[in-house]
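Below is one structure, written out as structure tokens; the observations come after it.
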Amino acid sequence: MFKKLIKESTEKSPWLFHINAGSCNGCDIELVSVLTPRFDAERLGFKLVGSPRHADIVVVTGPVTKQSLPRVLRAISQVPEPRCIVTMGSCPQSGNVFKESWSVCGPLSKYVHVDVDVAGCAPRPQAVIDGLALATQILKEKRGQK
Amino acid sequence: MFNWLTVLETLGYILIFPGFLFCFLVGLFLSGVDRKIVAKMQKRVGPPLLQPFYDFFKLCGKETIVPAAANKGMFLAAPLVGLASLIVLQMFIPIFNFTAFSTMADVIVILYLLLIPALAMILGGAASGSPYAGVGLSREMVTVIACELPLVLVLLAVARTVGSAMGKGLVFSMSEIVNYQSANGSLITHVSMIPAAIAFLLIIPGETGSHPFDTAEAETEICEGLLAEYSGGPLAVFKLSHSVKVLTLSSLFVALFLGGLGGKIAALVGSFGLSAAAAGMIGGLLGAIVLVMLCLVITIVFISLVHAITARLKVEQVFKYYWTVVTGLALLSLVLAWYGF
Amino acid sequence: MITYNYIVAFFLIVLGFYTIVTKYNLVKTVIGLGIADYGVNLLIITVRFNPGGTAPIFTAGELTQASYFVDPIPQALTLTSIVIGACVTAMSLSLVVKLQEEYGTIDTREIRRLRG
Amino acid sequence: MSFLSYQHFPIYSVMALFLGAFLIVLFGKSKFLRNLIAFLATAIALGCMIMLIKPVMLNREIICYWMGNRAMAGGYAIGIAMEVDQVSLFFGLLISTAVFVACVYSLQYMEHDDNKPQYYTLFLMLAGGVMGLVLSGDLFNMFIMVEILTFAAVALTAFRNKAFGALEAAFKYLVVGCMGSTCILAGTIMLYAQAHTLNFAQLSSIISGDINPSTLVAFALLYIGFSTKAFIVPFHPLAADAHGAAPASISVLISGVLTKSGVYAILRLTYFLFQTMQLGSIQFMLVFVGSVSMFVCVTMALAQHDFKRLLAFHSISQIGYVLTAIGLGTGLGLSAGLYHAMNHTMFKGLLFLAAGAVHFRTGTTDLRKLGGLGKKMPWTCALFLVGAASISGIPPFNGFASKWMIYQATYQKAVESGNIGFLLATIVALITSVLTLASFVKVTQSVFFGQIRPEHEDVKEVPAGMIIGMSLFAAICVVTGLFPRLVTDFLTGPAANAALNPANYISSMLAGAPVYKTYEVFAGAGVWSPVNWLLLLMIALLGVTIVAVLSKYDQVSESKEGELVDSKFALFFGGEKTEYSQVGGEDLFWGFKQNWRHYFSFMHELHSGVVNDYALWAVVALALAIVFLQIAL
């Protein structure tokens, strides 16, 4: 019963940790707008937390730059299992307009396993919520495997 | 002298009614209500009422990482000590006429027991070795100092008021304070106690570290401060302690200032004409329900409302606020009580 | 006559304290301690001194109610006190020497590493 | 009387310590003999005191011992007397315990130092001086003991004369201490001029009924003189200097023992010699000085960055509690004050020994240069936490039991006398307690938690002898905290009773037949028994732990021993690589200090470190005491 409770709860309380890997701030603002009264992601239990140790879902924005790469990887490694990595915006997926710049190491999927990609520049809040909801499903599956 | 029934009763107290289960359910329920109400005030739908339960169970299922720099024993033990001491504290606070162990508690003991959960959190955070926890620790301690002075004054004023009313000089015993109220009406009806009650209500958000005073766990500035390195089970226990603390402080307020309702409940139950045992049972149950109701009101007005309408203060502002405004109220009350109003 | 002794004794104590408070030289501070000490010694021997009394040395049977002598106890106390005063001076002067070696000065205003 | 009759035990315990000091001078070259003599001397002193519990504490006897059997002649006490009543024995017990533990600890702690024979000689001289002071029944004898202990303490303060500020601290202490001694001698002799005797009991019987301006000046002189020994305000900077510079085992004696001798003497002075404790003005004086000491020293401690200096200020703050409680003049207050005096000796001893342990391994006590030692020195850390919890009054340790009694005593006194000043004392005491907690949180964070400094990576736990010394203190802290009834019934209760019945003391000395009258010590207040609470907490903790273990709370992921730290187990640094960054030091509570910045900067200016200023404070205090007593009585 306890296991089932945990499994059910995993789906219902995903906490987000947001990493900015050299983003232009567009996606960052969109992510915050997801939590505003208009879209209110908190009704699904989403909560933005300040420490990777508390997080379930890591949201990465920005084309992973040379400067930020080791820091992003370190922060991601500090998130306890089960965890889910969501890239937000086109930058961490393809590099977007910064592709093949000398300072950009992206895409992120070269370095870690990315669970969900939310495309767009910047993605609309609805898309973000959809992606996060998908991430919670993946999280629940990972929970189940354990 | 060894009586199994007594042991069973004690265990029941600890595990079920004023103890663990009650604290767990009501505490998390209160914080669920708090989150919901804050959302409503901000015109949001808000999380489901059971969200804190989900959070708790989810955290229980997560991996617990002990950082290499941490002092493992202290790191893991601190949350448990904090929770256990809160539960014991809850058992000392009389719920109207129902007293589990309150005969041996008095207000100064309670004042000190209230420090232990905060101290457990401070030591746990310190043991994690994180500099964010160091900053959080400093802020938490300053908040504790800030709340301590008005709390002391309020408790002294209560002791004096009840003492002079009972002709004893001063009364520190919790059960005597509650018994006096259930016989003679709530303390809040005394003129001198009104500022004290307001001061106590203003202390609640500070002591529990809820919104405008949550400098110690500011997630945006210092990465959750004391809890920065906690994950999984220990974090769940800390979150639970937070919620239970709201319940503890609210029920302490009810016991100190609204104990007169106990007399009303006893009279109401008496009018049913039940046997003594059944009356006791029903009275206890009714008392618990009334207590939860009152705690809800206190939570909504003094935690959720304050949360929704204020922005986080700086830690020196927290200190200044408590040592001027709230202390002023408490001091006023003490002076009034001293001269017998 | 004996009144002068009291006045001088208290004057010496006050003078000693005044020296300690106002002089910034460590050696002078030590001198101040000495002066205060001598003041107390003078006070002690003045107390219970009977003008014209004999020395309190008696053989068995000699002591009667009519014997007029000086109280011996304060004198014994003075001896102890003088010894202690000498010790104070010796010890404080040795500390002054050490302080001079360590700090290179004997001005009290300079010797204040421990403060606040 | 046989030589083993308990009448002789007081003198044995004093002689054991002085003889030990003498023998170490002779045979101190050999390490074995030196340690053996020091250990035996302190053990004999402790043993004698423990053996006296039964006759004195339980059977309520008062031991009068005439040196050389020169008893009273013609109604005058000519011989030198030792008089051991319950108060003396209570302090004697504290002192001998602290001395014994400090001696056990020194055996290994002083390993790195030279001149060990001199150290032990002075150590035993100091111990013997304090012991003689509390057991003496003669005012001049007290003065001699005061001088002995002042010299020993000054010499020991400067013992590590290469340490930072040691010489300076010793000199300051010597100057102000000798001013105090001069005051004591002047006061003694003024009393002698009035009463023609130096025997305590006889002085008391003559003086207490006939208080004139001259005796009041003597009172003021004695009070100020003994204040310098107790280091209460305005003499607190000397304590801070002396404790900070002395070796830790000596700091234990200075804070736990020497200050107690001052408190003891003030208690003797007010309760026995002048019997003025029922006067409101004397109560006001002691409570006022006590409360000011409490508050000023705790705030000074918050601003310190040296471990031992911080502890020294706390030590005076706790003496403030003791003085406040004693100054109430009630049975409960006395009992609480004596209880707290005892607790203070124990927990402050423990804390100083822990500071010594840190110094022993790292060579520094600067809070800004320490951190993260909890992992390297787990025993020291755990024992330090016990001491810190005790001093901050966290239940169930002993500090809570006595502080709780002090709050009740002060508040009760306020209600009974209708004087709002005592209420202020209660509030100051409660606030001081939480500030004490704050500053120990600071020490805990700065020394034992947080990140370890790179240069302390190879620090080891201290040797077993030092752990044993600390454990003894910690055990006493826990036991006296858990069973406060034991202490109040057998130790502080009889002592408080004796202090409230000075007639017994006088008559047993002068007539040999005391008349016992028992005062109600606990009027309206009780002693909280933490055992039930602790049991409940244990059950709750067990319950929580079982639930936690069942839900796999203890299945943690952690880095393997000796392996390079994986980034997963590194501290979260906002994604950066973990670097050394320790949050600690004197400014940990800036939120508090920011609001009090004017006060703190004023205090910093005031404690200028110039010995002339401290001497001036002493003179001003003396003048104030004389004027106050002349006006008030």
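The values are calculated or read from the model by the stated rules, or taken from the named source; none is laboratory data. This is a predicted model, so every value here is computed, not measured. Virtual Cβ from ideal backbone geometry, glycine too; neighbours counted across all protein chains shown.
Return yes or no: is D:A615 closer than 24 Å to D:L310 by Cα, within 11 Å of chain C (Cβ to nearest Cβ) and either surrounded by 15 or more Cβ atoms within 10 Å (Cβ to Cβ) or not charged (D, E, K, R) (or both)?
Values: closer than 24 Å to D:L310 by Cα: yes; within 11 Å of chain C (Cβ to nearest Cβ): yes; either surrounded by 15 or more Cβ atoms within 10 Å (Cβ to Cβ) or not charged (D, E, K, R) (or both): yes.
Yes, satisfied.
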Q) Is there a residue in region D:440-460 that is among the aliphatic types (A, V, I, L, M), surrounded by fewer than 24 Cβ atoms within 10 Å (Cβ to Cβ) and touching a residue at least 40 places away in the same chain (Cβ under 8 Å)? A) yes
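Quick one: which residue in B:G328, B:G340 is under 21 Å from B:A199 (Cα atoms), of a type in the set (G, A, S), modelled with pLDDT of 85 or more and surrounded by fewer than 20 Cβ atoms within 10 Å (Cβ to Cβ)?
Working: B:G340 fails: modelled with pLDDT of 85 or more.
The match here is B:G328.
Yes/no matrix, rows are residues, columns are (1) facing chain B (nearest Cβ under 8 Å); (2) of a type in the set (A, V, I, L, M):
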| position | (1), (2) |
| --- | --- |
| A:K12 | yes, no |
| A:I19 | no, yes |
| A:C27 | no, no |
| A:E30 | no, no |
| A:S33 | no, no |
Q | Count - residues of region D:369-379 that are more than 13 Å from chain B (Cβ to nearest Cβ) and either over 12 Å from D:I452 (Cβ atoms) or surrounded by 19 or more Cβ atoms within 10 Å (Cβ to Cβ) (or both) | A | 1
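Within the group C:L114, C:L95, which residue is within 10 Å of another protein chain (Cβ to nearest Cβ) and not in a helix (DSSP H, G or I)? Can you show your working first?
On the way: C:L95 fails: not in a helix (DSSP H, G or I).
Within the list C:L114, C:L95, the selection yields C:L114.
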Q | Complete set of residues in region D:105-128 that are surrounded by fewer than 24 Cβ atoms within 10 Å (Cβ to Cβ), in contact with a Gly (Cβ under 8 Å, 6 or more places away or on another chain) and either assigned to a loop (DSSP other than H, G, I, E, B) or of a type in the set (A, V, I, L, M) (or both) | A | D:L107
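Looking at region B:242-252, is at least one residue polar (S, T, N, Q), under 18 Å from D:V544 (Cα atoms), touching a helix residue (DSSP H, G or I) at 6+ places or on another chain (Cβ under 8 Å) and touching a residue at least 60 places away in the same chain (Cβ under 8 Å)?
Residues of region B:242-252 that are polar (S, T, N, Q), as a first pass: B:243, B:248, B:250-251.
Remaining after also requiring under 18 Å from D:V544 (Cα atoms): B:243, B:248.
From what's left, touching a helix residue (DSSP H, G or I) at 6+ places or on another chain (Cβ under 8 Å): B:243, B:248.
In the following step, the residues that additionally are touching a residue at least 60 places away in the same chain (Cβ under 8 Å) were identified as B:243, B:248.
Scanning region B:242-252 turns up at least one residue that is polar (S, T, N, Q), under 18 Å from D:V544 (Cα atoms), touching a helix residue (DSSP H, G or I) at 6+ places or on another chain (Cβ under 8 Å) and touching a residue at least 60 places away in the same chain (Cβ under 8 Å).
With the requirement that a residue be of a type outside the set (S, T, Y), more than 14 Å from chain A (Cβ to nearest Cβ) and either free of Cβ contacts under 8 Å to residues at least 12 places away in the same chain or outside any helix (DSSP H, G or I) (or both), what does region B:187-238 give you? Spell out the reasoning first.
Step one: filter region B:187-238 for residues of a type outside the set (S, T, Y), giving B:187-188, B:190-191, B:193-207, B:209, B:211-214, B:216-219, B:221-229, B:232-238.
Within this subset, residues satisfying the condition of being more than 14 Å from chain A (Cβ to nearest Cβ) are B:187-188, B:190-191, B:193-207, B:209, B:211-213.
Hits for region B:187-238 are B:H190, B:V191, B:G209.
Please tell me if B:E140 is within 14 Å of chain D (Cβ to nearest Cβ) and either assigned to a loop (DSSP other than H, G, I, E, B) or free of Cβ contacts under 8 Å to residues at least 60 places away in the same chain (or both). Steps first, please.
Working: within 14 Å of chain D (Cβ to nearest Cβ): yes; either assigned to a loop (DSSP other than H, G, I, E, B) or free of Cβ contacts under 8 Å to residues at least 60 places away in the same chain (or both): no.
So B:E140 fails the test.
If you check B:F319, B:F238, B:F302, B:F272, which single one turns out to be buried (at least 21 other Cβ atoms within 10 Å of the Cβ), among the aromatic types (F, W, Y) and out of contact with any Gly (no Cβ under 8 Å at 6 or more places or on another chain)? Talk me through it step by step, then tell me what you get.
Numbers: B:F319 fails: out of contact with any Gly (no Cβ under 8 Å at 6 or more places or on another chain); B:F238 fails: out of contact with any Gly (no Cβ under 8 Å at 6 or more places or on another chain); B:F272 fails: buried (at least 21 other Cβ atoms within 10 Å of the Cβ).
Selected residue: B:F302, the only one of B:F319, B:F238, B:F302, B:F272 that is buried (at least 21 other Cβ atoms within 10 Å of the Cβ), among the aromatic types (F, W, Y) and out of contact with any Gly (no Cβ under 8 Å at 6 or more places or on another chain).
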Q: Quick one: which helices (runs of 4 or more DSSP H) lie wholly within region B:1-92 and hold at least 1 residues that are touching a Cys at 6+ places or on another chain (Cβ under 8 Å)?
A: B:20-41, B:72-92
**Q.** Scan of region D:579-618 for residues that are in contact (Cβ under 8 Å) with a residue 40 or more places away in the chain and farther than 30 Å from B:L313 by Cα, ordered by number
**A.** D:H607, D:G609, D:V611, D:Y614, D:A615, D:W617, D:A618
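Among the residues of region D:205-242, write down those that are in contact (Cβ under 8 Å) with a residue 40 or more places away in the chain and assigned to a loop (DSSP other than H, G, I, E, B). Write out each step before concluding.
Here is the first cut: in region D:205-242, the residues in contact (Cβ under 8 Å) with a residue 40 or more places away in the chain are D:205, D:207-208, D:211, D:213, D:215-217, D:219-242.
Listed by number, the residues that qualify are D:S208, D:I211, D:F231, D:I232, D:V233, D:P234, D:F235.
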Q: Consider only pairs whose beta carbons are under 9 Å apart and that are at least six residues apart or on different chains; among these, list those whose first residue lies in region D:187-204 and is on the phi > 0 side of the Ramachandran plot and whose second residue is among the β-branched types (V, I, T).
A: D:H196/C:I73; D:H196/D:I206
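Would you mind stating whether B:V152 is β-branched (V, I, T) and within 12 Å of chain D (Cβ to nearest Cβ)? Steps first, please.
Details: β-branched (V, I, T): yes; within 12 Å of chain D (Cβ to nearest Cβ): yes.
For B:V152, the condition - β-branched (V, I, T) and within 12 Å of chain D (Cβ to nearest Cβ) - is met.
Take region D:4-31 and flag every residue that is over 26 Å from D:L491 (Cα atoms) and modelled with pLDDT under 85.
The first filter runs over region D:4-31 and keeps only residues over 26 Å from D:L491 (Cα atoms), leaving D:18-31.
Within region D:4-31, D:F27, D:G28, D:K29, D:S30, D:K31 qualify.
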Q. What tally of residues in region C:94-112 results from selecting those that are under 15 Å from C:Y24 (Cα atoms), among the hydroxyl-bearing types (S, T, Y) and under 24 Å from the mean Cα position of the chain (by Cα)?
A. 1
(Q) Tell me the residue from D:T324, D:T330, D:T365 that is modelled with pLDDT of 85 or more and over 14 Å from the mean Cα position of the chain (by Cα), please. (A) D:T324
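Tell me yes or no: at least one residue of region C:45-66 is facing another protein chain (nearest Cβ under 10 Å), surrounded by 13 or more Cβ atoms within 10 Å (Cβ to Cβ), under 25 Å from D:Q194 (Cβ atoms) and of a type in the set (K, R). Lay out the reasoning, then the answer.
First, the residues of region C:45-66 that are facing another protein chain (nearest Cβ under 10 Å): C:45-48.
Checking which are surrounded by 13 or more Cβ atoms within 10 Å (Cβ to Cβ) leaves us with C:45-48.
Checking which are under 25 Å from D:Q194 (Cβ atoms) leaves us with C:45-48.
Next, from what is left, pick out any that are of a type in the set (K, R): C:48.
The answer is yes, given that some residue of region C:45-66 is facing another protein chain (nearest Cβ under 10 Å), surrounded by 13 or more Cβ atoms within 10 Å (Cβ to Cβ), under 25 Å from D:Q194 (Cβ atoms) and of a type in the set (K, R).
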Q: Give the residue, chosen from D:I63, D:I44, D:I53, that is in contact with a Phe, Trp or Tyr (Cβ under 9 Å, 6 or more places away or on another chain) and more than 22 Å from D:G349 (Cβ to Cβ).
A: D:I63
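Looking at C:T19, is it at the interface with chain D (Cβ under 10 Å from one of its Cβ atoms), modelled with pLDDT of 90 or more and surrounded by 13 or more Cβ atoms within 10 Å (Cβ to Cβ)?
For C:T19, the condition - at the interface with chain D (Cβ under 10 Å from one of its Cβ atoms), modelled with pLDDT of 90 or more and surrounded by 13 or more Cβ atoms within 10 Å (Cβ to Cβ) - is met.
Being part of a helix (DSSP H, G or I) and closer than 23 Å to D:A401 by Cα, is that true of even one residue in region D:268-279? Before the answer, list the steps.
Narrowing region D:268-279 to residues part of a helix (DSSP H, G or I): D:268-273.
In the following step, the residues that additionally are closer than 23 Å to D:A401 by Cα were identified as none.
Scanning region D:268-279, I find no residue that is part of a helix (DSSP H, G or I) and closer than 23 Å to D:A401 by Cα, so the answer is no.
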Q) Is it the case that D:T188 is within 11 Å of chain C (Cβ to nearest Cβ) and touching a strand residue (DSSP E or B) at 6+ places or on another chain (Cβ under 9 Å)? A) no
Q: For residues that are more than 22 Å from D:Q118 (Cβ to Cβ) and touching a Gly at 6+ places or on another chain (Cβ under 9 Å), scanning just region D:139-178, find the one that is surrounded by the fewest Cβ atoms within 10 Å (Cβ to Cβ).
A: D:N141
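When you scan region B:286-341 for helices (runs of 4 or more DSSP H) that lie fully inside it, which ones turn up with 1 or more residues that are closer than 30 Å to D:A414 by Cα?
On the way: elements: B:306-309, B:315-321, B:327-338.
Because the criterion is at least 1 residues that are closer than 30 Å to D:A414 by Cα, the helices (runs of 4 or more DSSP H) in region B:286-341 that meet it are B:315-321, B:327-338.
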Q.
Out of everything in region B:35-71 that is within 7 Å of chain A (Cβ to nearest Cβ) and aliphatic (A, V, I, L, M), what residue ends up being surrounded by the most Cβ atoms within 10 Å (Cβ to Cβ)?
A. B:I65
Q: State yes or no: is B:F172 at pLDDT 80 or above and within 23 Å of B:P117 (Cβ to Cβ)?
A: no
Q: Check D:P247 against each of (1) at pLDDT 85 or above; (2) surrounded by 24 or more Cβ atoms within 10 Å (Cβ to Cβ) and name the one condition it does not meet.
A: (1)
